[in-house]
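Visitor: One structure, pasted below without further comment.
The values are calculated or read from the model by the stated rules, or taken from the named source; none is laboratory data. Owing to the predicted nature of the structure, the values given are computational and were not obtained by experimental measurement. Cβ placement follows ideal geometry from the backbone for every residue including glycine, while neighbour counts extend to all protein chains displayed.
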Amino acid sequence: MRKTIIGIYLLLCAGIGLLGCKTLEPQKPAENYTYAPVKPQPSTVSFFADLNVAGLQSIVNSHTDSLLYNDDSFVDNDNDNLMLKAWKNGEIKFSFSDDILSWEIPLRVEIKKSVFMVAFNRPFGDIAEANGEIKLKFKTKLSVNPDWTIKTATTSDDYEWTKKPTVKIAGFTIPVTPIAFILLKTNLNGYSQKIDQTIASNFNFKEYAGKGWQMMFEPFKIPGNYNAWIAMTPYSVSLLPLKATNGSIRFGAMVKADIECTLDKQPPGQKVSPLPNLLPLEVPTDTFRINMLTDIPYSTIERLTYEELRDSSYAFGNKRLIFESFKVYGSDGKVAIETKVKGSIKGTMYFTGIPYFNAADTTLRVKNLKFDLRTRNLWMQSAKWLFNGKMERTMTEAIAIPFNSNIREIEDNLVGFMNHRKLGFGFELIGKLNKISVSDLLLTPESVKANMVFSGKLSLGIEEMAEKK
């Protein structure tokens with residue numbers, strides 16, 4: 001009997017020992033990927049060139065002759081018996097509001113009137129002279145044609161005599177003001193056309209637009225310690241309304257483009273497409289998005305998770321588990337985590353969950369992290385005490401992977417880069433970052449790719465269009 005009891009005891013001890021040495025190895029979740037390259041979200045970049053009104057005024061004055069009108073015949077204009085000369089009498093002045101350029105020409109006029117009178121029943125003729133001063137006012141409506149040329153349409157607006165000319169002969173006052181104005185208004189229509197030609201020929205919006213368009217195809221390196229580059233792909237341009245800004249006329253366009261930020265390597269230069277014609281006016285917006293794909297290697301997730309949990313143990317009553325290693329990969333659009341454990345029981349566990357971006361601390365985390373079904377089915381038989389939710393919570397809290405230690409510095413460098421960055425040809429980049437977000441997380445064979453999106457406002461502008469030489 002005693003031998004029988006000892007035998008049973010030994011068998012029980014052997015069974016317990018075998019159970020303690022048993023290694024549980026469930027079937028792993030299938031490894032697969034459906035990675036597709038991310039197309040950047042469309043961005044809009046406002047492009048502008050400012051035409052300084054004072055500069056325009058100076059150019060028009062320098063291109064204007066002193067003698068503007070000369071009628072030296074009494075017989076032309078249907079024998080009007082009038083000769084008239086008009087000289088520029090000071091600076092031509094400009095102002096701009098909405099899309100209307102208002103301007104006035106101060107003139108000094110000299111009038112000679114041939115007068116035929118009858119006195120004492122005898123006819124006689126004489127020539128009377130008079131001088132006067134007048135301000136002629138015009139309005140020029142500005143617009144931009146689809147081919148980028150500046151369109152102008154100038155019309156007479158009003159006039160003001162600052163010194164009215166009159167002629168006195170034989171005690172009679174002969175008013176010549178209406179006649180003089182009619183002649184000036186009629187003949188100075190040609191001068192308004194000259195103003196149109198001066199604006200169109202001296203300020204070439206298309207030339208500047210072409211340089212700005214070409215510049216967008218060249219990658220820009222972001223200053224800083226990291227090899228980060230901005231690459232743009234512009235594809236259409238729409239007209240923006242003309243507006244007055246700080247004494248200038250702002251010619252603007254809205255460029256639609258894809259904008260990406262790449263790390264570690266310089267993107268290749270793109271073939272420059274011709275400057276397209278302007279599309280019709282659109283609702284103005286200058287919101288841009290810089291898409292940046294950044295990698296979080298699985299090896300980084302594995303290392304950081306192990307560092308977080310290697311000195312920890314999972315305890316439940318008198319049961320205890322220690323994490324030995326981690327492996328991460330993609331499975332059916334989820335993150336699969338393989339961990340090997342030892343302790344009260346030994347083996348391999350698999351968890352699956354959905355990766356997401358935690359904006360509060362810019363970390364990669366995993367939600368809905370659960371035991372894979374095959375792990376649950378196998379381990380439930382021998383370690384039911386594991387399945388109370390504590391293990392899943394422990395794993396979830398441990399996975400908090402910084403997206404990239406460079407992200408904040410890259411953000412700071414972007415802010416500096418867009419703060420009136422000189423680009424050449426007189427252009428500068430003017431931008432403001434509002435926020436960072438992640439639009440997509442993509443699982444690839446080597447890493448989790450995060451599509452970071454920097455959004456804000458961006459303009460490419462030249463402060464002043466120069467006079468054409």
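Visitor: Counting residues that are modelled with pLDDT under 75 and among the hydrophobic types (A, V, I, L, M, F, W, C), which helices (runs of 4 or more DSSP H) fully inside region 130-224 reach at least 3?
Guide: Details: elements: 177-187, 189-202, 205-216.
It comes to 177-187, 189-202.
Visitor: Looking for something assigned to a strand (DSSP E or B), under 22 Å from Lys211 (Cα atoms) and at pLDDT 85 or above - is there at least one such residue anywhere in region 273-284?
Guide: The answer is yes; a qualifying residue exists.
Visitor: Something else: Pull up region 139-161, narrow it to residues that are of a type in the set (Gly, Ala, Ser) and touching a Leu at 6+ places or on another chain (Cβ under 8 Å), then point me to the one that is farthest from Lys243 (Cα to Cα). Give the steps one after another, and end with the answer.
Guide: Taking region 139-161 as the starting set, the residues that turn out to be of a type in the set (Gly, Ala, Ser) are 143, 153, 156.
Checking which are touching a Leu at 6+ places or on another chain (Cβ under 8 Å) leaves us with 143, 156.
Working: Ser143: 11, Ser156: 22 Å.
Among residues in region 139-161 that are of a type in the set (Gly, Ala, Ser) and touching a Leu at 6+ places or on another chain (Cβ under 8 Å), the one farthest from Lys243 (Cα to Cα) is Ser156.
Visitor: Can you tell me which residue among Glu397, Glu411, Glu463 is of a type in the set (Asp, Glu), at pLDDT 75 or above and surrounded by 13 or more Cβ atoms within 10 Å (Cβ to Cβ)? Full working, then the answer.
Guide: Values: Glu397 fails: surrounded by 13 or more Cβ atoms within 10 Å (Cβ to Cβ); Glu463 fails: at pLDDT 75 or above.
The unique qualifying residue is Glu411.
Visitor: Further question on the same structure: Counting only residues that are in contact (Cβ under 8 Å) with a residue 12 or more places away in the chain and among the charged types (D, E, K, R), give me the strands (runs of 3 or more DSSP E) lying completely in region 289-382 with at least 2 of them.
Guide: Answer list for region 289-382: 319-331, 334-343, 363-371.
Visitor: Sticking with this one: Restricting attention to region 417-431, does a residue exist that is of a type outside the set (Phe, Trp, Tyr), more than 23 Å from Glu260 (Cα to Cα) and at pLDDT below 85?
Guide: Checking region 417-431: at least one residue is of a type outside the set (Phe, Trp, Tyr), more than 23 Å from Glu260 (Cα to Cα) and at pLDDT below 85.
Visitor: Shifting gears a bit: Quick check on Glu446: is it in contact (Cβ under 8 Å) with a residue 24 or more places away in the chain, buried (at least 17 other Cβ atoms within 10 Å of the Cβ), more than 27 Å from Asp50 (Cβ to Cβ) and among the charged types (D, E, K, R)?
Guide: Against the criterion (in contact (Cβ under 8 Å) with a residue 24 or more places away in the chain, buried (at least 17 other Cβ atoms within 10 Å of the Cβ), more than 27 Å from Asp50 (Cβ to Cβ) and among the charged types (D, E, K, R)), Glu446 does not qualify.
Visitor: Okay, moving on. Can you name every residue in region 207-237 that is of a type in the set (Gly, Ala, Ser) and surrounded by fewer than 18 Cβ atoms within 10 Å (Cβ to Cβ)?
Guide: Result: Gly210, Gly224, Ser236.
Visitor: Can you confirm whether Lys384 is outside the structural domain of Leu433 (by TED's automatic domain parsing) and under 15 Å from Val438 (Cβ atoms)?
Guide: no
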